[in-house]
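Visitor: Below is a structure I'd like to ask you about.
Every number in this text was worked out from the coordinates using simple rules, so none of it is lab data. In this text, all values refer to a predicted model and were calculated from it rather than measured experimentally. Cβ coordinates were reconstructed from backbone atoms using ideal geometry, including for glycine residues, and neighbour counts include every protein chain displayed.
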Amino acid sequence: MGSFKMGSIAISMVAMGIVLTASAVADTADSLETRVTELEARLDLIDQKFKLLGADSMANLGASEEMAVTAAKLYAQAERSKETQQYELSYRQYALIRALYPDSEEAKKAYPNAAGLFKRFYSRNRHKKPRTTWTTSEPIFMYDWVTIFFGETFPQDEMLRLFKGMPSTFFEKFEQFGAKHPEISKWKIGITKDNGIVEEIDAERLAN
């Protein structure tokens, strides 16, 4: 019974997109109305996410000690969705891998495609719907995702995947995010931009 409750709660939180701390979400929303709108948009995805997990009900999610859904299965589903041009569903499936299996190889493997899809929806909504999750909370989710690649060497390729072709203001918000994360703040990161669009990224490790 304990595993049922914990499994159900965990999946429910992921399905609602609660992958950020309350303070992080607050930083990205200018008003209560904005936060309510974001929550409503994520609640609309719950049924869809349960279906992609192959769950007929919340009870099924905690029926066994280990969830039947694996990172590999989610990755395969995301790839199929992408191939059939169900791009938003594909992104959500990739994102579930990061949320449910953050230390898996699939989380790293899913990142490039997720970054590309995220950029597509960010650009599409940036001006038309500036208060959607694509321009408020999802950027922070992607900032957090790229953080897993930081280590002794700078993740040049992964950073370019996320930032190349994006507005320089998107990178500036990442700098604010990175200042609170030691794995990022130990690097001095610079960009080359053309007409406000990121073209290249370079980094120098700061002395301890």
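Visitor: Could you tell me how many of the residues in region 171-188 are in contact (Cβ under 8 Å) with a residue 12 or more places away in the chain, out of contact with any helix residue (DSSP H, G or I) (no Cβ under 7 Å at 6 or more places or on another chain) and either among the polar types (S, T, N, Q) or within 25 Å of W134 (Cβ to Cβ) (or both)?
Guide: Total satisfying the criteria: 1.
Visitor: Shifting gears a bit: Among Q86, Q93, which is over 25 Å from L206 (Cβ atoms) and free of Cβ contacts under 8 Å to residues at least 12 places away in the same chain?
Guide: Among Q86, Q93, only Q86 is over 25 Å from L206 (Cβ atoms) and free of Cβ contacts under 8 Å to residues at least 12 places away in the same chain.
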